[in-house]
1. Under the condition of being without any contact (Cβ under 8 Å) to a residue 24 or more places away in the chain and surrounded by 20 or more Cβ atoms within 10 Å (Cβ to Cβ), which residue from the stretch A:274-294 is farthest from A:GLY339 (Cα to Cα)?
2. Looking at the stretch A:257-278 only, could you name the residues that are facing chain B (nearest Cβ under 10 Å) and of a type in the set (Gly, Ala, Ser)?
3. Regarding B:PHE345, is this residue in contact (Cβ under 8 Å) with a residue 40 or more places away in the chain and more than 14 Å from chain A (Cβ to nearest Cβ)?
4. Just the residues that are touching a Leu at 6+ places or on another chain (Cβ under 7 Å) and either within 10 Å of chain A (Cβ to nearest Cβ) or among the small types (Gly, Ala, Ser) (or both), please, taken from the stretch B:261-273.
5. If I filter the stretch B:274-306 down to residues being facing chain A (nearest Cβ under 7 Å) and touching a Ser or Thr at 6+ places or on another chain (Cβ under 7 Å), which single residue comes out as nearest to A:HIS369 (Cα to Cα)?
6. Looking at B:ALA280, B:ALA334, B:ALA304, B:ALA249, which one is touching a helix residue (DSSP H, G or I) at 6+ places or on another chain (Cβ under 7 Å) and outside any loop (DSSP other than H, G, I, E, B)?
7. If you take the residues of the stretch A:128-176 that are of a type in the set (Lys, Arg) and farther than 30 Å from A:ALA41 by Cα, which of them is surrounded by the fewest Cβ atoms within 10 Å (Cβ to Cβ)?
8. Among the numbered criteria (1) surrounded by fewer than 16 Cβ atoms within 10 Å (Cβ to Cβ); (2) assigned by TED's automatic domain parsing to the domain that holds B:LEU333, which one does B:GLY252 miss?
Amino acid sequence: MDFRLNEEQQMLQDTVARLVRGEYSFEKRLEYSESELGFSADFWKQLGELGLTAVPFPEELGGFGGSGVEVQSVMTELGRGLCIEPYLQSIVLGGGLISQAGNDQQKEQWLGGIASGETRAAVGLQEPQSFYDLNDVETRAEKSGGNYVLNGRKAVVIGGHCADVLVVSARTSGDSRDADGISLFLVPADAEGLERRTYPTIDGAKGCDLFLNNVTVGAEALLGEEGQGAGVIEYQAGRAIAALCGEAVGVMEVACDLTLEYLKQRKQFGVPIGRFQVLQHRMVDMMSELEQARSMAILAASVADEPQSDERRRILAAAKNVIGRSGQFISEQGIQSHGGIGMTWEYNFAHYAKRLIMINHQLGDDDFHLERYATLLQAS
Amino acid sequence: MNMNYTAEELAFRDEVRAFLDEKLPADIAAKVKGFRRLSKEDHQRWQKILSEQGWYATHWPEEYGGVKWTPVQKHIWDEESCRYGVPRSIPFGVNMVAPVIIKFGTEEQKQKYLPRILSGEDWWCQGYSEPGAGSDLASLKTRAVREGDHYIVNGQKTWTTLGQHANMIFCLVRTNTEVKAQEGISFLLIDMNTPGITVRPIITLDGEHEVNEVFFEDVKVPAENLVGEEDKGWTYAKYLLTYERTGLAGIGLSKAALQHLKELASRRLKNGKPLIEDTAFSQRIAQVEIDLMAAAISNLRIVASVEGGGMPGAESSMLKVRGTEIRQAINDLARRAIGPYAIPFVEEELDLDYDGDFLSDKNAAPLAAQYFNNRKLSIFGGSNEIQKNIVSKMILGL
């Protein structure tokens, strides 16, 4: 048993860490966030040049052939820097869906560009009514001649505002919450009838809702088998959960470090506030939450690329439940420990706190995954 | 990153399983799994079997009859023995006083006491806490005054677990009142049969006799029973506590208790359906199972780090807190699972040989009592608040 990264994995993580340290000061991040693009095109390009956007892809695509552990190493460092580039959406989810379900032609058309960072993908899997259930799909794809006509709305597509290609789920048969009958489509950003309502997110990134009004795509846009998208989506969402756990651990590490430092420096009543037992114990509770989250992130990474099974489902649901709760605890208690300064825009802690809460709103919150786990509990 | 056992470790696990399949008495395992009381005889019978196998003293050097297990092997033993329903080792002799004697004792003390611990001839208990010295242990007042080749001991110890069975007690006593509290403490080995010692039971809230008060009135203890140097006992006590803290998280015990809970919740009905299918209850079970999954990995990370030569520090204190909270949460759910039948306290059903009708579920009787009994988990071994103080000191350095 050895829970350390191997030499290659450590080198990978160090590479990302160096890049983030060099390019992602807190001030620069605010600039990136407020820009038209919503992140740093230059940083994204550097991720590509260093091969970091290619980490999960096979070697023939210039990739690293990396598994959940490698992806998590990258995500942890991006989390530490609070990076807002669409790594999760484009590389992990977009690239992942095409890798798993795509035919040779689709892979050839899209994956090289995604792996190098030159093409950006985003995924539209949620809908306004779906909450976190990715099988709740009301967007419809009707066959018309050799084409599909898509109508519906996809919700909170992070990175969708600037994506070159969108992978969207749409129903080709069945009722609105059936697993059967969900299909995946590759929709170019400039498709006629595709509208985007773009917005900033509260944690500093950008996203959009997608409106599909008679968007017509050819049969070559169908990704995977018609009606069989649910399993692919579930599998890739699982990989993304493991990646997100890695990001969460990075964010939590910095949030804990910042709080610990503040407890040592801030003086009230003539002493550092870290002398007060109530704050000491809160700090220990935060670090204990971080350790639990770290353990579950490791476990999630270990199953992320394994074949689908109830065991994999259970672990990923458990992991997302734990990081959702740990993240909220560290966020709230960290703000409280900082007092007023923790409430300000100009101090970096608040931005870490916001990201932690929003991670719980991506790919299912702790309640959603608790329910999912409980269902699997009965099945076992 | 490798979370698997090696081939050797797997072979060791097979060996443990084969041993337990063959040697663990079914009646003892049934008591442990059903949370029934174990008698002194049960403990001694099992200890003898373990000793014969050479697996009793896992913290001792081989020259004293110990077995050299790696941290991973100890972990495997812990997991398997909890799963099989092996009685918890009474730690006071083998895991607490013995490491202190081995590290700080004289050759005579080693020759005299270690074999008797191995054979089960001596049953040790711990004389640390006093009515006025709990978490603040260094404020202890039991006095030992040197007179010729003896110490005369006066005072009172409390919370002495299973002291009613013990014939030996190791005590922290005050030998110097002129210096700082920590610097005037000595570590004494005392024969419980010495005149002047009285043991009185403390009945705990669950009706059990598990802990005691021990009174010392002009008790004459030979000076050769001093371990190490006079006034240096605090150092030895701290050394002992590092042994006590390992394993206090009780991950294996929680896994066994959770399995028990799930079986119980599959038998109990609510709204005509098994309780485990009830939305609220199944989510409560799910939450504690998830938390245990995380704690189990945290535990493995500590095991792997110790295996690699690291020293567990803040992590094991944090895990003690987390692990005890989880076990208490499982006990809480087991009590809830029997609904109104948590209220009757049917003592005869605690007996495994009971052959009458069960008031409700066959395993219901001990559940409420066990819930109350295990409130101790977050108090003993350094209360959870003390654990947090320890971690604070390490990380804040203030």
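The values are calculated or read from the model by the stated rules, or taken from the named source; none is laboratory data. Not measured: the values here are computed from a predicted model. Every residue, glycine among them, receives a Cβ derived from its backbone with ideal geometry; neighbour counts consider all protein chains shown.
1. For the stretch A:274-294, the residue satisfying everything is A:GLU291.
2. The answer is A:GLY274, and nothing else.
3. So B:PHE345 fits the description; yes.
4. Correct list: B:ALA265 only.
5. B:ALA294
6. B:ALA334
7. Selected residue: A:LYS143.
8. (1) is the only condition that B:GLY252 fails.
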